[in-house]
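The values are calculated or read from the model by the stated rules, or taken from the named source; none is laboratory data. Values in this document were obtained by computation on a predicted structure and should not be read as measured data. Positions of Cβ are generated from backbone atoms using ideal geometry, with glycine treated the same way; all protein chains shown enter the neighbour counts.
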Amino acid sequence: MTLAIALLRAVNVAGRTLKMADLVTLAEDLGFEQPRTLLQSGNLVFGTAETPDAVLERRLEAEAAARFGFEVDFIVRSGVEWRGVIANNPFGDAARDDPRHLLVIPLKAAPPDGALEELRAAITGSETAALSGRAAYVVYPDGSGRSKLTLQVIERRLKTRGTARNWNTALKLAAMAEG
C-alpha cells in the first residue's frame, strides 16, 4: 500500500463547490484506504495499491466529473514524491521565516526546457521563482493576492497545469502522508 496525496485544482472557488466529505466518499468508493482531507481546498491523503501517476489522476478526474458535475484537475504524488517536493525547496529562508508567502505548485508535467526563464521574464513584481522536476516554487514577499504573477500566468509560461499550496499546507500534507 502506497500513501498518496491528491491535490485538486480550483475547488471551492467561483461556485465550484465540493464538500470534503464527498471527496472522502469518492475515495472510499474507489477502494482507497483511510482517505482523509486537509482544509477545504481539495487536499486528499489516502492509501492505494495503484501507482500514483497520470493514470490514477485521470481515473480520479473522470469519477469526480461524473459525480460532481464539473471537471477538476487532480495532481497526485506519492508520499515519497511529496517528501522530495519538501526537500527540494530552493527557498529555505522563506520556508523558515515567512512560510505563508512561499507557494509550492505541483505540476501535471515537468515543464519543457526554457520554461523557467519564460516564467522569470513574466515577473513584474518582487516575486522569485524556481523549478524542481514537477514542482514550481514561488515566493510572494508582498503576498499573492494582488500579484500579477497569477497561477494562470505561471501555467502559461510553464506550459502545464498546476495547483498552489502555501508552505504551511505543504508541510501538513507531508505529516499526514507519513502515517
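Out of F70, F32, F74, F46, report the one residue that is touching a residue at least 12 places away in the same chain (Cβ under 8 Å), surrounded by fewer than 20 Cβ atoms within 10 Å (Cβ to Cβ), under 23 Å from L18 (Cβ atoms) and not acidic (D, E). Lay out the reasoning, then the answer.
Working: F32 fails: surrounded by fewer than 20 Cβ atoms within 10 Å (Cβ to Cβ); F74 fails: surrounded by fewer than 20 Cβ atoms within 10 Å (Cβ to Cβ); F46 fails: surrounded by fewer than 20 Cβ atoms within 10 Å (Cβ to Cβ).
Among F70, F32, F74, F46, only F70 is touching a residue at least 12 places away in the same chain (Cβ under 8 Å), surrounded by fewer than 20 Cβ atoms within 10 Å (Cβ to Cβ), under 23 Å from L18 (Cβ atoms) and not acidic (D, E).
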R120 vs (1) surrounded by fewer than 18 Cβ atoms within 10 Å (Cβ to Cβ); (2) in contact (Cβ under 8 Å) with a residue 60 or more places away in the chain; (3) among the basic types (K, R): all pass except (2)
Give just the number: which of (1) surrounded by 13 or more Cβ atoms within 10 Å (Cβ to Cβ); (2) in contact with a Ser or Thr (Cβ under 7 Å, 6 or more places away or on another chain) does A135 not satisfy?
-> (2)
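Against the condition modelled with pLDDT of 95 or more, hydrophobic (A, V, I, L, M, F, W, C) and surrounded by 14 or more Cβ atoms within 10 Å (Cβ to Cβ), how does A87 come out, does it pass? Don't jump to the end; show me each part of the working.
Numbers: modelled with pLDDT of 95 or more: yes; hydrophobic (A, V, I, L, M, F, W, C): yes; surrounded by 14 or more Cβ atoms within 10 Å (Cβ to Cβ): no.
Criteria not met by A87.
Just give me the residues in segment 14-46 being part of a loop (DSSP other than H, G, I, E, B) and over 13 Å from T169 (Cα atoms), in sequence order.
Of the residues in segment 14-46, the ones part of a loop (DSSP other than H, G, I, E, B) are 14-19, 30-32, 38-42.
Scanning segment 14-46 gives A14, G15, R16, T17, L18, K19, L30, G31, F32.
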Residues being within 15 Å of the chain's Cα centre (by Cα) and either polar (S, T, N, Q) or in a helix (DSSP H, G or I) (or both): count how many of those fall in segment 130-157.
-> 6
